[in-house]
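Remarks on the structure that follows.
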Amino acid sequence: MSAEIHTSSEYIRHHLQNLTLGKLPDGTWGLAHSAQEAKEMGFWAFNVDTLGVSLLLGFLFLYFFRKVAKSVTTGVPGGLQNFTEWLVEFIDSSVRGSFSGRNALVAPLALTIFVWILLMNLMDLIPVDWLPFLAGKAGLPFLKVVPTTDPNATFGMAIGVFFLVVYYSIKIKGLGGFVGELTLQPFGKYGLPANLFLEGVNLIAKPVSLALRLFGNMYAGEMIFILIAIMFGGGITLGLFGGVLQWGWAVFHILIVTLQAFIFMTLTIVYLDMAHQEHH
C-alpha cells in the first residue's frame with residue numbers, strides 16, 4: 001500500500017477511488033492523485049481502470065470463444081469446448097424461456113452480457129491489495145479493478161440496453177404505437193397525463209434499476225472485502241479471524257457475482273421481449 005495511508009479511513013478511501021484521467025488545474029491532462037482532484041476534473045474525465053479492465057476482459061472473452069469456435073470437433077470435446085457448449089445451451093434455454101419474439105440479436109447479446117459481467121464481477125475475488133500494490137510500484141496512485149463497482153460502467157451497459165428496448169419498441173410497434181403505449185395505457189385517452197407519467201417512469205426505471213442493482217451489490221461486496229482486509233493489521237488473532245472471514249465471504253460471493261450477471265441478462269431478455277409485444 002501507499003506510504004501515505006496511515007488510517008483505516010484512508011485505506012478505504014484509497015481502495016474506493018478510481019484511477020481518473022482528466023484535465024488538471026494547470027490545463028494539462030493527467031492522472032488525479034486525490035479524490036478532490038478527480039472531482040474537479042468534471043464530466044470529461046475517464047476512469048482508466050474501469051475502461052482498461054472491462055475492455056481487457058471483453059477481449060479475453062472474445063479470444064477464448066473464437067478459439068473454441070475455430071477448434072471445435074465433432075468427437076469427444078475438450079474441457080474448454082465442453083464448458084462453452086454448456087454455456088451456450090444454458091443461455092439459449094434462458095432466451096427461449098423468456099423471449100417469445102423472433103430476433104437473432106437477443107441470444108448473442110444475452111451471452112455477451114452474462115459472460116462479460118461475470119468476468120468483471122469475478123475480479124472482486126482477487127485479494128484487494130494485490131493489484132493496487134503492483135499498480136503503486138508502477139507509479140499509479142490508484143487502481144480499482146472491479147468495473148461493476150463503478151456506476152459509470154453499470155449505467156453505460158444499462159443505457160445501451162435501454163436504447164435497444166426503445167429501438168425495437170419503435171421498430172415493432174411503429175412510432176405511433178410506441179407513443180400510444182406511453183400515452184394511452186392504462187387509463188385510455190382521458191387519462192393521458194397520468195398514463196404518460198406512469199409509463200414514462202416505468203420506462204426510465206428499466207435502465208436505472210439494471211444499473212443500480214448491479215452496482216449496489218458489487219460495491220457492497222467489495223466494501224466487505226476491504227473491511228476484512230483491515231483486520232489483517234490488527235494482530236495475529238484478528239488476522240487469523242479475518243482470514244477465515246475472507247475465505248467464507250469469497251465462497252458466498254461466488255454466488256452473488258454469478259447471480260448478478262444472470263439477473264442483468266434475464267432482465268435484458270425480458271425488457272426486449274416486452275419491446276416486441278404489442279401490449280404489456
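The values are calculated or read from the model by the stated rules, or taken from the named source; none is laboratory data. Being a predicted model, the structure only gives us computed values, none of them experimental. All Cβ positions, glycine included, derive from the backbone under ideal geometry; neighbour counts span all protein chains shown.
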Going through LEU140, LEU119, LEU131, LEU164 one at a time, which residue ends up being touching a Phe, Trp or Tyr at 6+ places or on another chain (Cβ under 7 Å) and under 27 Å from TYR63 (Cβ atoms)?
LEU119
Log entry, pairs with first residue in the range 185-196 being under 17 Å from GLU278 (Cα atoms) and part of a loop (DSSP other than H, G, I, E, B), second being modelled with pLDDT of 85 or more and of a type in the set (A, V, I, L, M, F, W, C), beta carbons closer than 7 Å, six or more apart or on different chains, reads PHE187/ALA194
Does VAL106 satisfy the condition of being surrounded by 15 or more Cβ atoms within 10 Å (Cβ to Cβ), modelled with pLDDT under 95 and of a type in the set (A, V, I, L, M)?
no
Residues LEU122, LEU134: which one is within 12 Å of the chain's Cα centre (by Cα) and surrounded by fewer than 21 Cβ atoms within 10 Å (Cβ to Cβ)?
LEU122
HIS33 being under 19 Å from LEU131 (Cα atoms) and in contact with a Lys or Arg (Cβ under 8 Å, 6 or more places away or on another chain)
no
Cβ-Cβ below 6 Å, separation at least six or inter-chain, first residue in the range 117-128 and closer than 11 Å to VAL145 by Cβ, second part of a loop (DSSP other than H, G, I, E, B) and of a type in the set (A, V, I, L, M, F, W, C): which pairs?
MET123/VAL145; MET123/VAL146; ASP124/VAL146
Here are the criteria: (1) part of a helix (DSSP H, G or I); (2) at pLDDT below 95. Tell me which single one GLY42 does not satisfy.
(1)
From the list LEU203, LEU240, LEU210, LEU164, pick out the single residue that is out of contact with any strand residue (DSSP E or B) (no Cβ under 8 Å at 6 or more places or on another chain), surrounded by fewer than 16 Cβ atoms within 10 Å (Cβ to Cβ) and either part of a helix (DSSP H, G or I) or modelled with pLDDT of 95 or more (or both).
LEU240
Quick one: THR74 ticks every box in (1) among the hydroxyl-bearing types (Ser, Thr, Tyr); (2) under 30 Å from THR112 (Cβ atoms); (3) surrounded by 13 or more Cβ atoms within 10 Å (Cβ to Cβ) except a single one, so which number is it?
(3)
Any idea how many residues of the range 7-16 are surrounded by fewer than 20 Cβ atoms within 10 Å (Cβ to Cβ) and touching a residue at least 40 places away in the same chain (Cβ under 8 Å)?
3
Note: among PHE232, PHE215, just one is among the aromatic types (Phe, Trp, Tyr), assigned to a helix (DSSP H, G or I) and under 29 Å from VAL106 (Cβ atoms), namely PHE215
Within the range 184-199, does at least one residue satisfy the condition of being at pLDDT 90 or above and closer than 23 Å to ILE254 by Cβ?
no
Pick from the range 45-54 the residues that are more than 12 Å from the chain's Cα centre (by Cα) and in a helix (DSSP H, G or I): which of them is farthest from GLY22 (Cα to Cα)?
GLY52
Does LYS173 meet the test of being surrounded by 15 or more Cβ atoms within 10 Å (Cβ to Cβ), modelled with pLDDT under 95, farther than 30 Å from GLN36 by Cα and not small (Gly, Ala, Ser)?
yes
